[in-house]
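Below is one structure, written out as structure tokens; the observations come after it.
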Amino acid sequence: MTILDQIVDRTLARLREEPMDVEDVRSAARDQAAARTPFAFWTALSRDGINVISEIKSASPSAGSIVDAPDVEAIAREYKAGGAAAISIVTEPEFFRGSTTWIARAKAATGLPVIMKDFIVEPAQLMRGIAAGADAILLLASLLDARRIMDFIGLLEAYGCDALVEVHDEQELERAVEGGARLIGVNNRDLRSFNVDLGISERLGALMPPDKIRVAESGIRTRADVDRLRAAGFHAFLVGESLLRQNDRAAAVRTLVGE
């Protein structure tokens, strides 16, 4: 069993153990939809220039502990000061030690759009993410077929939320396109082996329809990495561990953005 299999198994177990109060969550989701600017994440990544999505996470299976008990507000403000276009929050609680409560905290501290990253397998997770204030939610094409991707995108869009559909190979890219994804992220990290290769983005970027917002994810550490992936047609860059480990995170983002 791979780490990804283990994460999905634990996610399904938690969903069984933590039943959702449907009406309460729907009410909170409606309130969030009324308060947010619709599709703010897509808008932020559509602007000219280098759009960095700076990530907050406490740990990961590949890196171990990264930032114990992160000061979400302080980190988010550093990212904004450096010129980040958006913030990514990893909310998976066991393997990544995240929390959905971080979403509202990051938004309140910065006003930037926030994407929730988790291992989405059921609509209940989407509803909880919307209710928590997420402007976008990550969908993994490795876990969802094209029909499911389309259904999940439709649910999110009904609340003014974006979906970033993540792929790692040609088959997953085909599912994302067939599912109607407007934003497609290429994860350079194989979630089964955790090996990283920026060449994955270059290979899949050449196959993407030109009307998609392209997001390169994982393994991005330097401005040279950003320039390499921009040459492959990418519009946005999701960067986490390499920023979190910096003493001056604002300066680190600024280096990637080029300001």
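Quick note: the coordinates plus some simple rules give every number you see, no bench work behind them. This is a predicted model, so every value here is computed, not measured. Glycine also receives a Cβ, built like all others from the backbone with ideal geometry; neighbour counts cover every protein chain displayed.
Things to note:
- Farthest toward positive dipole pole in the chain [+1 Lys/Arg, -1 Asp/Glu at C-beta], among 149, 235, 6: 235
- Net charge dipole size for the chain [Lys, Arg +1 and Asp, Glu -1 on Cβ; Debye, nearest 20]: 600
- When Rg and Dmax are taken over the Cα atoms of region 180-259, they come to 12.8, 40 Å.
- Pairs of Cα atoms nearer than 8 Å and 6+ residues apart set the relative contact order; for region 137-184 it is 48 percent.
- Calculated from backbone phi, Karplus (6.51, -1.76, 1.60) coupling profile of region 81-93 in Hz, x at Gly/Pro: 4, x, x, 4, 7, 7, 10, 9, 10, 8, 9, 4, x
- Taking every Cα-Cα distance in region 75-220 and sorting them into 5 Å bins starting at zero, the pair-distance distribution P(r) comes out as 2, 10, 20, 21, 22, 16, 9, 1 percent.
- Using a simple spin-label model with pseudo-atoms 7 Å out from Cα toward Cβ, residue 71 and residue 230 lie 3.2 nm apart.
- Length added when fully stretched, residue 158-residue 247, from 0.36 nm per residue minus Cα-Cα: 28.0 nm
- Residues of region 1-30 with amide N under 15 Å of the 7 Å Cα→Cβ point at residue 192: 1-8
- In plain terms, the chain from residue 20 to residue 37 could stretch by 3.5 nm, reckoned as 0.36 nm per residue minus the Cα-Cα distance.
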